[in-house]
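Remarks on the structure that follows.
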Amino acid sequence: MKQTEIISLSVAELQEKLNQSKKTYADLKTTHSISPIQNPLQIRTLRRLIARLNTELSKRELQ
């Protein structure tokens, strides 16, 4: 998900996407600790997406 797509989302959509991403991230981490996943870069990509979503939510709270 690109930054322009994140900016165009509403606050409710951002929170929903954040919760969904956090759940997926936790699942990937658990799966990867048990047995290696095909593409471990997915973990880094999801972590960065979560950071972008958190940043956008914080930015909107300040405005």
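All of the numbers you see were taken from the coordinates with simple rules; none came from a lab. Quantities reported herein were computed from a predicted structural model and do not represent experimental measurements. So basically every Cβ, Gly included, is an ideal-geometry build from the backbone, and we count neighbours across all protein chains shown.
Tell me whether the chain comes out rounded, prolate or oblate; compute the Cα gyration tensor, take square roots of the eigenvalues as a ≥ b ≥ c, and use a/c under 1.5 as the rounded threshold. Prolate is the answer for the chain, as a/c is 1.5 or above and a/b outweighs b/c.
Computed from point charges on the beta carbon alone (+1 for Lys and Arg, -1 for Asp and Glu), the dipole magnitude for segment 3-62 about its Cα centre is near 240 Debye. Taking L41, L18, L53 in turn, the Gaussian network model of the chain (Cα-Cα springs below 10 Å) assigns the largest fluctuation to L41.
Taking Cα atoms only, the orientation of helix 41-62 departs from the longest principal axis of the chain by about 20 degrees.
Just need the relative contact order of the chain here, percent rounded to a whole number, with Cα pairs under 8 Å and 6+ apart. For the chain, the relative contact order is 50 percent. The length gained by stretching the chain between I37 and M1 to full extension, at 0.36 nm per residue less their Cα-Cα distance, is 10.8 nm. A simple spin-label model places pseudo-atoms 7 Å from Cα toward Cβ; at R44 and L62 they are separated by 2.7 nm. Taking the C-alpha atoms only, the angle from helix 11-34 to the longest principal axis of the chain is near 10 degrees.
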